[in-house]
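Since the structure comes first, as structure tokens, the remarks are kept for the end.
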Amino acid sequence: MLKAVLFDCDGTLVDSESLHYQCWQHILVPYNIAYDEGHFCHLFSGKPTLEAAQFIIDEHGLTVDAKALAGQKNDYFADYVQNHLPPLLPYAKEVLSLAKQSSLQVALVTGSARAEVMPILAGYQLFDYFEVIVTKDDVTQPKPHPEPYLSALKQLGQAAQFGVAIEDTCTGLTSAKGAGLLAIAVPNHHSQHQDLSLADHTCTNLMQAWQRIELAQS
């Protein structure tokens, strides 16, 4: 019997990958670096910002510090998203409402910084759906390490065997499965070609994922 559902944010609840791409493009202009959006999202969808920064530095032989480059991108995104909310993915708010009305506890576990995700939650009035919110600022080791999900479970007071995570990337699934959770993959157009074989189930949208959860409850 499931007792908690834990949602990823970027690429799962909101279609934010294009927004992250646009912010990276802005940051990389001084370095004369430009990526095709499809290729960029294929490379970095779900990856920690610091990891993406290090990859870009290594690929292009930059001398900038990876933490500094990642910090520039995070700061720019946090400012940009204030007035450019990424669109909600299909059924996001409907499924959050169903989860909130159910007997399940609900958490948000994101690889984004608090300053990046809070404007999105505020803009769509999503705060009240979650009992617990874990961002990368709240952990020592972000996804794909299991710490974010383990932290959320601890705050919920739940054992992993009673929880299910909904994710869209290999990075997120690795984190969820490492924490011992059941995991449902809902890939988007950027992550659909990733290796999602760690998922216990793969669904085409959030409503289908919720129906899978309801089935597990019956």
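The values are calculated or read from the model by the stated rules, or taken from the named source; none is laboratory data. For clarity, every value in this text was computed on a predicted model and none was experimentally measured. Because the Cβ atoms are built from the backbone with ideal geometry, glycine has one as well, and the counts that use them run over all protein chains shown.
Here are the numbers for the structure shown:
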| item | result |
| --- | --- |
| Unique match (being crowded, with 18+ Cβ neighbours inside 10 Å and assigned to a strand (DSSP E or B)) among ALA165, ALA209 | ALA165 |
| Condition met for SER197 (surrounded by 24 or more Cβ atoms within 10 Å (Cβ to Cβ), among the hydroxyl-bearing types (Ser, Thr, Tyr) and assigned by TED's automatic domain parsing to the domain that holds LEU153) | no |
| Out of GLY163, GLY180, GLY172, sole residue that is modelled with pLDDT of 95 or more and under 21 Å from LEU43 (Cα atoms) | GLY172 |
| Residue match in segment 38-46 (condition: at positive phi and either at pLDDT 90 or above or hydroxyl-bearing (Ser, Thr, Tyr) (or both)) | no |
| Filter result for LEU98 (in a helix (DSSP H, G or I), buried (at least 18 other Cβ atoms within 10 Å of the Cβ), among the aliphatic types (A, V, I, L, M) and at negative phi) | yes |
| First in segment 157-181 and among the hydrophobic types (A, V, I, L, M, F, W, C), second anywhere and surrounded by fewer than 24 Cβ atoms within 10 Å (Cβ to Cβ) and assigned to a strand (DSSP E or B), Cβ under 6 Å, 6 or more apart | VAL164/LEU182 |
| Residue count, segment 101-137 (criterion: free of Cβ contacts under 8 Å to residues at least 12 places away in the same chain and either surrounded by 20 or more Cβ atoms within 10 Å (Cβ to Cβ) or under 29 Å from GLN72 (Cβ atoms) (or both)) | 3 |
| Flag if ILE56 is hydrophobic (A, V, I, L, M, F, W, C) and over 28 Å from ALA176 (Cβ atoms) | no |
| Meets criteria (crowded, with 19+ Cβ neighbours inside 10 Å and either over 15 Å from the mean Cα position of the chain (by Cα) or within 26 Å of SER151 (Cα to Cα) (or both)) for ALA66 | no |
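Matching residues to (1) more than 22 Å from LEU96 (Cβ to Cβ); (2) in the same structural domain as GLN208 (by TED's automatic domain parsing); (3) of a type in the set (Phe, Trp, Tyr):
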{"position": "PHE127", "(1), (2), (3)": "no, yes, yes"}
{"position": "VAL132", "(1), (2), (3)": "no, yes, no"}
{"position": "PRO146", "(1), (2), (3)": "yes, yes, no"}
{"position": "LEU150", "(1), (2), (3)": "yes, yes, no"}
{"position": "LEU153", "(1), (2), (3)": "no, yes, no"}
{"position": "LEU156", "(1), (2), (3)": "no, yes, no"}
{"position": "GLU167", "(1), (2), (3)": "no, yes, no"}
{"position": "GLY172", "(1), (2), (3)": "no, yes, no"}
